[in-house]
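Student: To start, I am sharing the structure in question, which I have written as structure tokens.
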Amino acid sequence: QEQLVESGGGLVETGDSLRLSCQASTQSFKYDVMAWFRQAPEKKRELVATISYNTINTYEADSVRGRFTISRDNNKKTVSLQMNRLGPEDTGVYYCAASSRRGSLFYTDSDDYDRWGQGTQVTVSS
């Protein structure tokens with residue numbers, strides 16, 4: 001059974017940092033593009049960051065670029081999201097996602113991902 005399990009969410013104050021982790025049991029992890037998405041209530045799920053299978057190529061959304069860093073460890077089958085200088089606009093449920101598509105280094109559309117974690121809540125108060 002393939003699973004993605006997120007952890008590390010919580011309640012923090014503006015300016016704080018959090019590190020989210022995603023543990024995968026996916027057999028093809030080392031070949032999968034990985035990403036973090038987030039979704040606030042009644043808002044569209046949006047890409048936060050994505051990383052290629054080779055760990056080298058990354059893309060971060062404009063809203064988090066310079067504050068968030070995505071990384072992965074293919075030996076441990078984990079993907080992490082270091083979040084610094086958090087603000088209320090970062091509040092939402094954060095999802096780890098995996099794409100079994102092949103042909104690109106990473107993908108920015110949620111439709112390109114076919115495996116999702118259950119999500120972890122991040123709440124940032126002012």
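Coordinate-derived values only; no laboratory data. Owing to the predicted nature of the structure, the values given are computational and were not obtained by experimental measurement. Please note: Cβ atoms are built from the backbone with ideal geometry, for glycine as well, and neighbour counts cover all protein chains shown.
Student: Quick check: Cα centre of region 1-19 to Cα centre of region 108-126, how many Å?
Tutor: Comparing the Cα centres of region 1-19 and region 108-126, I get a distance of 10 Å.
Student: Between S126 and D111, what length in nm is gained on full extension when 0.36 nm per residue of separation is reduced by their alpha carbon distance?
Tutor: Numbers: separation 15, 0.36 × 15 = 5.40 nm, distance 3.30 nm.
Computed gain between S126 and D111 is 2.1 nm.
Student: Right, another one. Any chance you could run the full-extension gain for T78 through A61? It's 0.36 nm times the residue separation minus the Cα-Cα distance, nm to one decimal.
Tutor: Details: separation 17, 0.36 × 17 = 6.12 nm, distance 2.06 nm.
Stretched out fully, the T78 to A61 stretch lengthens by 4.1 nm.
Student: Spin-label point model (7 Å from Cα, Cβ direction): what's the E13 to E42 distance in nm?
Tutor: Result: 3.0 nm between the two label points.
Student: Continuing with the same structure: Quote the relative contact order of the chain in percent (integer), defining contacts as alpha-carbon pairs under 8 Å separated by 6+ residues.
Tutor: Working: 317 pairs, mean separation 44.5, N = 126.
The value is 35 percent.
Student: Which whole-number percentage describes the relative contact order of region 38-96, with Cα contacts under 8 Å and a sequence gap of 6 or more? Intermediate values should be presented prior to the final figure.
Tutor: On the way: 66 pairs, mean separation 18.9, N = 59.
Relative contact order here is 32 percent.
Student: Which three numbers, in whole Å and largest first, are the semi-axes of the equivalent ellipsoid of region 1-47 derived from its Cα gyration tensor as √(5λ)? Kindly include the intermediate steps, with their values, before the conclusion.
Tutor: Values: eigenvalues 120, 44, 20 Å².
For region 1-47, the ellipsoid semi-axes come out as 24, 15, 10 Å.
Student: Kirkwood Rh, Cα Rg: Rg to Rh for region 61-126? Please list the in-between numbers first.
Tutor: Details: Rg = 13.3 Å, Rh = 13.6 Å.
My calculation puts Rg/Rh at 0.98.
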